[in-house]
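Asker: Before I ask anything, here is the structure I am working with.
The values are calculated or read from the model by the stated rules, or taken from the named source; none is laboratory data. Keep in mind that what you see is a predicted model, and the values were worked out from it rather than measured. All Cβ positions, glycine included, derive from the backbone under ideal geometry; neighbour counts span all protein chains shown.
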């Protein structure tokens, strides 16, 4: 699961429609950016249940379209939140901005 984008997964989901692929990736990047803001607040508040729920939601969205690296980060956040390791959650979250930029670039190149 170390590819930024598993293009075959995205093609399967979109029936290989390039416009739909761009739209879905764009929506994923936008939604994930909002989720990151909510996750940051949940981490600051030490709310493990909210962290886990937000990370789980975002992980699922990423997996559905083949955004594997981002999904892996959300999985780590979910696991760390379950253990109350909020500093690890924050560290993992910090790397997501780069993942989103790479997904945005992938969308533009489709």
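Asker: From the list 3, 23, exactly one residue is closer than 24 Å to residue 110 by Cα and outside any helix (DSSP H, G or I). Which is it?
Answerer: The unique qualifying residue is 3.
Asker: Just give me the residues in region 32-54 being surrounded by 14 or more Cβ atoms within 10 Å (Cβ to Cβ), modelled with pLDDT of 95 or more and assigned to a helix (DSSP H, G or I), in sequence order.
Answerer: Of all residues in region 32-54, those surrounded by 14 or more Cβ atoms within 10 Å (Cβ to Cβ) come to 32, 35-36, 38-40, 42-43, 47-48, 50-54.
With the extra rule that they be modelled with pLDDT of 95 or more, the set shrinks to 38-40, 42-43, 47-48, 50-54.
The answer is 38, 39, 40, 42, 43, 48, 50, 51, 52, 53, 54.
Asker: Also: Considering only region 70-110, state which residues are closer than 15 Å to residue 4 by Cα, at pLDDT 90 or above and surrounded by 20 or more Cβ atoms within 10 Å (Cβ to Cβ).
Answerer: 70, 71, 73, 74
Asker: Another question about this same structure. Cβ-Cβ under 7 Å, sequence separation 6+ or interchain: first residue in region 13-26 and farther than 18 Å from residue 58 by Cβ, partner in a loop (DSSP other than H, G, I, E, B). Which pairs?
Answerer: 18/110; 21/110; 22/110
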